[in-house]
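**Q** Here it is: the structure, laid out below.
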Amino acid sequence: MRFIHTADIHLDSPLKGLEVHEDAPVEEIRIAARRAFDRLIDLAVEEEVDFVLIAGDLYDGDWKDYNTGHFFVDRLGRLAKAGIKVFLVTGNHDAASQITRTMPLPDNTTLFPSAGPQSVHLDALGVVIHGQSYPSRAVAENLAARYPQRQAGSFNIGLLHTSLTGREGHEKYAPCSAGELISKGYDYWALGHVHKREVVAEDPWIVFPGNIQGRHIRETGPKGATLVVVEDGRVVDVAERELDVVRWTVCNVDLSGCATRDEVYGQVRHAVENAKHAAGGKALALRLQLEGPCPMHAELHARSDLWTEEFRAIAIGMGDIWLEKVQFRTRRMADLDDFLEGKSPLAGLLRSIECLEFGDGALTSLVPDLADLKRKMPPELLDDDSLLENPSTASTELREEIRELLIARMLHHGGEA
């Protein structure tokens with residue numbers, strides 16, 4: 001027996017951080033999740049699996065129109081023609097949709113109810129699948145507690161959308177512990193909600209497959225589904241299969257010692273080439289992080305907008321690469337004290353800037369309802385370095401960036417690059 005375990009597909013969800021740029025590959029971005037889902041269907045047919053498990057968040061909240069649902073039903077039809085069954089539970093994003101529940105599904109597809117757990121028997125395979133859908137977006141109840149104990153003589157699978165005891169960047173929905181899942185006696189737990197692949201346990205197998213397509217810079221690296229092989233009632237193989245078509249990557253570029261523009265370009269080009277090679281031919285959504293003590297530090301910070309566009313040109317020139325953002329984190333080669341000790345007007349200005357203090361209150365007052373705004377936003381859309389996600393850390397970094405930018409521009413225009 002063979003089956004595919006997938007979750008968090010988020011059909012027609014936009015890829016955050018790219019579509020705002022005028023020259024971004026908007027069409028490729030828009031259909032990335034659909035193309036990844038097509039690859040999932042192809043994988044199921046090629047591997048001749050017996051069934052596919054979808055552990056929630058098939059959709060991304062309310063649809064703009066019915067095209068999203070029609071696309072999904074059409075792909076389920078492909079699986080039906082291949083004799084492949086589909087079993088799915090809804091998650092928090094599905095429950096947020098007002099029209100998902102009314103979309104008729106093909107005969108090969110079983111949607112588990114939200115009122116309570118249901119067990120579906122596949123007698124020909126000797127399998128029992130237990131599952132429950134979300135009745136609403138925010139589920140604080142421990143759904144797993146109501147799942148039945150294993151049914152003897154069958155291969156038991158639990159299908160559940162949960163954060164377990166909590167995972168960074170994800171709301172704590174349907175909380176439960178790995179120990180609780182193990183106590184049910186099932187052979188495999190097919191989980192969803194966490195977008196990073198994680199094998200929680202192997203005896204029995206408890207797996208988050210991750211999502212099939214990264215949607216923003218917090219979802220880097222390979223994305224895909226899990227192919228499970230069962231022989232004589234035991235799991236003999238659990239393998240990740242990559243499905244993403246746009247790969248998100250954070251690329252650290254060490255500019256230590258770079259003293260000319262060409263040297264900076266060379267280091268960036270080399271780093272981007274390595275990232276492209278690691279992506280295995282997939283389209284690349286890239287964030288550059290420039291680091292290290294660098295003679296070009298002042299020049300980089302003083303003209304960061306222009307440098308960003310020049311780096312974007314390097315990326316575009318390599319084909320199928322789009323630069324999402326550049327973070328300038330280089331450091332000065334010389335100690336700032338060397339400049340502060342002077343008596344020139346430049347030194348006086350530098351001393352004033354170095355002593356600047358920015359109170360947290362001034363920043364947070366710009367967004368008086370910061371906490372309320374954060375609660376209303378999906379956590380996966382909050383960037384690690386955003387003011388909403390980490391107000392204290394982000395405001396500290398913002399103060400440092402402002403101070404560094406001012407100093408860099410003064411040094412640059414004062415002839416000290």
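The values are calculated or read from the model by the stated rules, or taken from the named source; none is laboratory data. As the structure is a prediction and not an experimental result, all values here were calculated from the model. Cβ atoms come from the backbone with ideal geometry, glycine included; neighbour counts cover every protein chain shown.
**Q** List the helices (runs of 4 or more DSSP H) that sit entirely inside the range 1-105 and contain at least 2 residues that are modelled with pLDDT under 75 and of a type in the set (A, V, I, L, M, F, W, C).
**A** Correct list: 26-30.
**Q** Here's a follow-up. Tell me, which helices (runs of 4 or more DSSP H) lie completely within the range 259-349 with 1 or more residues that are under 28 Å from ILE31 (Cβ atoms), of a type outside the set (Ser, Thr, Tyr) and modelled with pLDDT under 95?
**A** Correct list: 261-278, 304-317.
**Q** Name the residues in the range 225-244 that are in contact with a helix residue (DSSP H, G or I) (Cβ under 9 Å, 6 or more places away or on another chain) and either within 30 Å of PHE328 (Cβ to Cβ) or part of a strand (DSSP E or B) (or both), would you?
**A** ALA225, LEU227, ARG241, GLU242, ASP244
**Q** Can you name the residue in the range 275-297 that is over 22 Å from CYS258 (Cα atoms) and of a type in the set (Lys, Arg) and, of all such residues, is surrounded by the fewest Cβ atoms within 10 Å (Cβ to Cβ)?
**A** LYS282
**Q** Also: Just need a number here: residues in the range 239-257 that are under 22 Å from ARG39 (Cβ atoms) and either modelled with pLDDT under 95 or crowded, with 17+ Cβ neighbours inside 10 Å (or both).
**A** 9
**Q** If you don't mind, there's one more thing I want to ask. Which of the residues belonging to the range 272-282 are touching a Lys or Arg at 6+ places or on another chain (Cβ under 7 Å) and small (Gly, Ala, Ser)?
**A** The one that is touching a Lys or Arg at 6+ places or on another chain (Cβ under 7 Å) and small (Gly, Ala, Ser): ALA279.
**Q** For the range 256-302, what are the residues that are without any contact (Cβ under 8 Å) to a residue 60 or more places away in the chain and of a type in the set (D, E, K, R)?
**A** The answer is ARG261, ASP262, GLU263, ARG269, GLU273, LYS276, LYS282, GLU291.
**Q** Now a separate question. Against the condition assigned to a strand (DSSP E or B), at pLDDT 95 or above and within 28 Å of the chain's Cα centre (by Cα), how does GLY179 come out, does it pass?
**A** no
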